[in-house]
Amino acid sequence: MNPFPHKHLLGLEDYTASDITRILDTAESMREVLDRPIRKVPTLRGITVVNLFFESSTRTRISFELAEKRLSADTVNFSSTGSSLSKGESLLDTVQNIEAMKTDVVVMRHRSPGAPHFLSKHISSVIINAGDGAHEHPTQALLDILTLRQKFGDLKGLRVTIVGDIAHSRVALSNIYGLKKMGAHVKLCGPATLIPRAAETLGVDITHSIEEAIADSDVLNVLRLQLERQEAGLFPSLREYQKYFGLTRTRLEKADKPLTILHPGPINRGVEITSDVADSEHALILNQVTNGVAVRMAVLYLLCGAKQES
């Protein structure tokens, strides 16, 4: 097997279609591990992974921790609350001290865009970006793409619309990079105030009509409103947003064919999506969650385990 050509997973911008396909193929093998009676393999035995989460997380953090344990890695969870960061220690000093304890991999979520890229220039550990501000969230995009590949096979020509708060989402950018490299057509849908001004430069189409998005798409990837990152006044109210952009059963029933629905979570039911859609036969949301563990196992294996075996 050829060595994986990347040391880190900082984002999907620099990953090729071949790189992404290799991760997806490996993730399919990892799904088989998850279906076994004993869901554990010794692949990363002796590897120590530190999960550095500076923002709240449920799915991503638990998913990474499960992936690490399924591969038999030693896992350490770090929280900025109660750490030396509260005493004035810098991020770099904190991570360099952790690395001095002989760790091998850092999985990092941080509020500042580019924080994992900064660390990759100063420490020798493998860095995996678990979300940096409103920049990228590469493993989320990979699990979304895997979920779609399982449903549709080839993604070439697949029409995917990302709906919601594009401007403040790290999921959107990674999905745009990944989906386009796999040959999908990507459209963005949301209020003008929540679409980045330079979005057209990414090679995507843009609409401000949820009805148009439904009519022109095979897949809707619905994002929540990132209220914690927004400035006030970007839209009148949550009720107004739901009225014009919320995904409802009534709107879906007007489509010419059934649509596939994705959502990275957490879901704000009754705002960007109603419960009867989120829990419907059209939604693959729980498939995404299961695939998240397999994808993160695949990334850890390719960045660490494959090198050990070679």
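Read-outs: derived from the displayed coordinates by stated rules, not from any lab. Note that the structure is predicted; figures quoted are calculated from it, not measured. When we count neighbours, we look across all protein chains shown, and the Cβ atoms used for this are built from the backbone with ideal geometry, even at glycine.
Lys and Arg at +1, Asp and Glu at -1: add these up for the other residues within a Cβ distance under 12 Å of I98 and post the number.
Values: positive: K102; negative: E89, D93, E99, D104.
The answer is -3.
Below 8 Å between Cα atoms, with a sequence gap of 6+, how large is the relative contact order for the chain in percent?
21
Put a dot 7 Å past each Cα toward the Cβ at T21 and R159; how far apart are the dots in nm?
Roughly 2.6 nm, to one decimal.
How far, in nm, would the chain grow between D14 and R269 when pulled straight, counting 0.36 nm per residue and subtracting the alpha carbon separation? Provide the component values of the computation, followed by the final result.
Numbers: separation 255, 0.36 × 255 = 91.80 nm, distance 3.45 nm.
Gain on extension, D14 to R269, equals 88.3 nm.
Give me the angle, in degrees from 0 to 90, between the Cα long axis of helix 59-70 and the longest principal axis of the Cα atoms of the chain, rounded to the nearest 10.
40
Test of understanding: what is the full-extension gain from T250 to A100, defined as 0.36 nm times their sequence separation minus their Cα-Cα distance?
Value of the extension gain: 48.3 nm.
Enter the angle in degrees (range 0 to 90, nearest 10) between the Cα long axis of helix 17-34 and the first principal axis of the Cα atoms of the chain, meaning the one along which they spread out most.
Here the helix axis deviates by roughly 80 degrees.
Among K7/K180; K187/K257; K40/K156; K69/K121; K69/K180, which pairs are too far apart, with a Cα-Cα distance over 25 Å?
Details: K7/K180 23 Å; K187/K257 18 Å; K40/K156 34 Å; K69/K121 27 Å; K69/K180 32 Å.
Cα-Cα > 25 Å for K40/K156; K69/K121; K69/K180; rest within.
Quick one: putting +1 on the C-beta of Lys and Arg, -1 on the C-beta of Asp and Glu, what dipole do you get for segment 128-271 around its Cα centre, in Debye to the nearest 20?
300
Taking the beta-carbon count within 10 Å as an exposure proxy, list R109, R45, R224 from fewest neighbours to most.
Lowest to highest Cβ neighbour count: R45, R224, R109.
With the cut-off at 1.5 for a/c, could you classify segment 120-248 from its C-alpha gyration tensor as rounded, prolate or oblate?
Working: a/c = 2.00, a/b = 1.17, b/c = 1.71.
Since a/c reaches 1.5 but b/c is at least a/b, the shape of segment 120-248 is classed as oblate.
Quick one: Karplus J couplings for segment 296-303, per residue in order, coefficients 6.51, -1.76, 1.60, θ = phi - 60°, nearest Hz, x for Gly and Pro?
6, 4, 5, 5, 4, 4, 5, 7
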